[in-house]
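Trainee: One structure coming up, written as structure tokens, with questions to follow.
Nothing in this text is a laboratory measurement; each read-out follows from the coordinates by a stated rule. Since the model is a prediction, treat every value here as computed from it, not as a measurement. Ideal geometry is used to build each Cβ from the backbone, glycine not excepted, and the neighbour counts take in all protein chains shown.
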Amino acid sequence: MARRALRTARRAGALAAIAAVTVALAGCFTGPRPTLADGPVMSGDAAVDAVLQRLDASRTSVYSVGYDVLTRFGDKHTAATVVQAGPARRVVTVGHVKFIVDDAEAMTCDLDTSACSGTIDAARISDTQLAPDFFATSAAIRLRRDAAARIAPPVGSTETIAGQQATCVAVPVTGATETYCALDGGPLARLDAADLRIDLTSWSPTVDEAQFQTP
């Protein structure tokens, strides 16, 4: 009887412990959720953050820009343009592929065939190693990743690119030094990396609304 009572007490204690852990875990899932910081996450390095601040802000600016893109694998050059009329209105053209975001409407068009789909199909430009937001968000994500992996202090500088002042940072990573530049009002002005080189070739503070038309 004593042994049975001891086993019963131990079982009850174990069940109580399990119940306590379950309640605690439930609190993790049903309690207050963690909130985002007041702004985008910075790297803590002043030179890197100066470029990140510009790239992060570039999604709300108004501009028209042109780029020359070198995909180093295959030594392939591709022309690209970005026309942005606000946070939810932009047209990005890479080669013969045109991405249109016009408020709630989004589509991908082939300029050669005039065919359009009702989604943003990033795979259409995968051969260039670009994403449809290469000029802003993708560049900022990549810079944050390189900053976290840096093997020496980043070096900041300023340059004039396509007639515009750009803030730059060179980030030493294993096997290479990757350079990022952004205009004061955004967006990306240069990316010089092992796999890609993107150079700004033109900039304008105006937008041609005809760019939002489908082919």
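Trainee: Could you tell me how far the Cα centroid of the range 73-103 sits from the Cα centroid of the range 143-191, in Å?
Mentor: Centre-to-centre (Cα) distance: 21 Å.
Trainee: For the pair Thr174 and Thr137, how long in nm is the line joining their label points, each one 7 Å along Cα→Cβ?
Mentor: Between Thr174 and Thr137, the label points sit 2.9 nm apart.
Trainee: Between Ser204 and Ala162, what length comes free when the chain is fully extended (0.36 nm per residue of separation minus the Cα-Cα distance, one decimal in nm)?
Mentor: Stretched fully, the Ser204-Ala162 segment lengthens by 14.1 nm.
Trainee: Going by the alpha-carbon gyration tensor, a ≥ b ≥ c the square roots of its eigenvalues, is the range 35-94 rounded (a/c under 1.5) or, if a/c is not under 1.5, prolate (a/b greater than b/c) versus oblate?
Mentor: Oblate, since a/c reaches 1.5 and b/c is not below a/b.
Trainee: In what sequence, highest mean first, do 58-66, 74-82 appear when ranked by Cβ atoms within 10 angstrom?
Mentor: The most tightly packed comes first, giving 58-66, 74-82.
Trainee: Given the Cα atoms of the range 46-209, and with Rh set as the inverse mean 1/r over their pairs in the Kirkwood sense, what is Rg to Rh to two decimals?
Mentor: 0.97
Trainee: Right, here's the next one. What is the sum of charges, Lys and Arg at +1 and Asp and Glu at -1, for the other residues whose Cβ falls under 13 Å from the Cβ of Leu196? Before the final figure, lay out each step's value.
Mentor: Values: positive: Arg72, Lys76, Arg142, Arg190, Arg197; negative: Asp68, Asp75, Asp127, Asp146, Glu178, Asp192, Asp195, Asp199.
For residues surrounding Leu196, the net value is -3.
Trainee: Exposure proxy check: Glu178, Glu159 ranked by fewest other beta carbons within 10 Å?
Mentor: Working: Glu178 23, Glu159 13.
Ranked by crowding around the Cβ, least crowded first: Glu159, Glu178.
Trainee: Taking the Cβ of Ala136 as the center, what net charge do the other residues with Cβ under 10 Å away carry, scoring Lys and Arg +1 and Asp and Glu -1?
Mentor: +1
Trainee: Give, in nm to one decimal, the length gained when the segment between Phe212 and Asp127 is fully stretched (0.36 nm per residue of separation minus the Cα-Cα distance).
Mentor: 28.2 nm
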